[in-house]
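Here the structure is laid out as structure tokens; the discussion comes afterwards.
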Amino acid sequence: MLKTKMESIIACWFLLIFCETHCYKPVVLLHGIMTYNTSMELIKNRIEEKHPGTIVYNTNRYSGWSSLENMWEQVQNMGYDLMNITQKHPEGVNFLGYSQGALIARAILQAFPEHNVHNFISLSGPQAGQYGTAFLHIIFPGLALKSAFELFYSRVGQHTSVGNYWNDPYHQELYYNYSDFLPYINNAIPSERSYDFKAGLVKLNNLVLIGGPQDNVITPWESAHFGYYDGNGTVINMGERDIYIDDKIGLKTLDLLGKLKTITVPGINHFMWHKNMTMVDEFVLPYLD
């Protein structure tokens, strides 16, 4: 009996060592706004096809209209989900978020710095914010770009996910006074969680930021790379912004360590990033070790 138990322990130990060096790590997928996990099925199937044996978790939390719930609520609850998954996989996991899901996923890593995520892939996410109504007109058909701040920079507006990352370059005082998510998660406003928000990203093996000029939804598209408008409406690239220069959330640290990858892919519309298998093969699969 003792011999059998010892043999089982040794077998499990060898299996763990083998998987750490030969098996693909599990992948967690997080869908975008106003969609369901079914929207991520193509990319899920591609991962399983190209990396046989990979366990893929395709969450359906906060799908459809519930994706408009406050960002902190989504981060908290889906963060608990991620931590439950990672407890099952001490070898670590990889994490991919698409669109709004990419921003939620990034915030989860910051709010739960004890995570064991190895590589995080942000697929066309509004990491520096959003100032465009291309997709908002589906939800708010009468919303005008220049007056959207009146809705989003209010107590009511901050109950919506979009309001939490709406970053109007022409009303920055209101943005900092009312927005209770993006300025904090970007450490533009210091808080008692500022250290965690940086530590949760610095520990990554790779932070992969994917976006492109024909996105037509994320505005400016450079937000996918932490670039954003200045007060004159000119796009300032990540490396010239305070979030990078002052290393507020660890982007500069990751870059100096060769762990920050900014990937620009032309010709892909926002709604096709997770469906374009050529893009997935070339720029996503290499980071799903």
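Here are the numbers:
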| item | result |
| --- | --- |
| Counted residues, segment 182-200 - those being surrounded by fewer than 22 Cβ atoms within 10 Å (Cβ to Cβ), touching a residue at least 12 places away in the same chain (Cβ under 8 Å) and not in a helix (DSSP H, G or I) | 4 |
| Top-ranked residue of segment 124-166 - restricted to ones that are closer than 12 Å to ILE218 by Cα and polar (S, T, N, Q), ranked as surrounded by the fewest Cβ atoms within 10 Å (Cβ to Cβ) | THR133 |
| Residue count, segment 106-148 (criterion: hydrophobic (A, V, I, L, M, F, W, C) and touching a strand residue (DSSP E or B) at 6+ places or on another chain (Cβ under 7 Å)) | 7 |
| Lone unmet requirement of (1) farther than 19 Å from ILE104 by Cα; (2) under 15 Å from the mean Cα position of the chain (by Cα); (3) β-branched (Val, Ile, Thr) for VAL235 | (2) |
| Qualifying residue in segment 23-33 (condition: over 30 Å from LEU136 (Cβ atoms) and modelled with pLDDT under 95) | yes |
| Residues of segment 170-181 satisfying the condition of being in contact (Cβ under 8 Å) with a residue 40 or more places away in the chain and in contact with a helix residue (DSSP H, G or I) (Cβ under 6 Å, 6 or more places away or on another chain) | ASP180, PHE181 |
| Among the candidates MET34, MET71, MET78, MET83, residue that is of a type outside the set (D, E, K, R), loosely packed, with under 15 Cβ neighbours inside 10 Å, touching a residue at least 24 places away in the same chain (Cβ under 8 Å) and under 27 Å from ASP180 (Cβ atoms) | MET83 |
| Which listed residue is within 23 Å of TYR24 (Cβ to Cβ) and not acidic (Asp, Glu), from LEU256, LEU209 | LEU209 |
| Unmet requirement for HIS274, which otherwise passes all of (1) in contact with a Phe, Trp or Tyr (Cβ under 6 Å, 6 or more places away or on another chain); (2) surrounded by fewer than 17 Cβ atoms within 10 Å (Cβ to Cβ) | (2) |
| Strands (runs of 3 or more DSSP E) enclosed by segment 56-151 - at least 3 residues per element that are within 14 Å of the chain's Cα centre (by Cα) | 93-98, 117-123 |
| Residues (over 27 Å from TYR244 (Cβ atoms) and under 24 Å from the mean Cα position of the chain (by Cα)) located in segment 152-190 | GLY157, HIS159, THR160 |
| Residue match in segment 95-115 (condition: surrounded by fewer than 16 Cβ atoms within 10 Å (Cβ to Cβ) and closer than 26 Å to GLY250 by Cβ) | yes |
| Filter result (assigned to a helix (DSSP H, G or I) and either modelled with pLDDT under 95 or crowded, with 18+ Cβ neighbours inside 10 Å (or both)) within segment 167-181 | TYR175, TYR178 |
| Filter pass, ASN167 being touching a residue at least 60 places away in the same chain (Cβ under 8 Å) and under 13 Å from TYR131 (Cα atoms) | yes |
| Count - residues of segment 243-267 that are assigned to a loop (DSSP other than H, G, I, E, B), touching a Gly at 6+ places or on another chain (Cβ under 9 Å) and free of Cβ contacts under 8 Å to residues at least 60 places away in the same chain | 4 |
| Residues of segment 50-68 satisfying the condition of being surrounded by fewer than 17 Cβ atoms within 10 Å (Cβ to Cβ) and in contact (Cβ under 8 Å) with a residue 40 or more places away in the chain | LYS50, HIS51 |
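Yes/no matrix, rows are residues, columns are (1) at pLDDT below 95; (2) among the basic types (Lys, Arg):
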| residue | (1), (2) |
| --- | --- |
| GLU48 | no, no |
| THR54 | no, no |
| LEU68 | no, no |
| GLN127 | no, no |
| TYR131 | no, no |
| PRO141 | yes, no |
| LYS146 | yes, yes |
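The values are calculated or read from the model by the stated rules, or taken from the named source; none is laboratory data. The model shown is predicted, which means the values in this text are computed figures rather than measured ones. In this analysis, Cβ positions are derived from the backbone assuming ideal geometry, glycine residues included, and neighbour counts consider all displayed protein chains.
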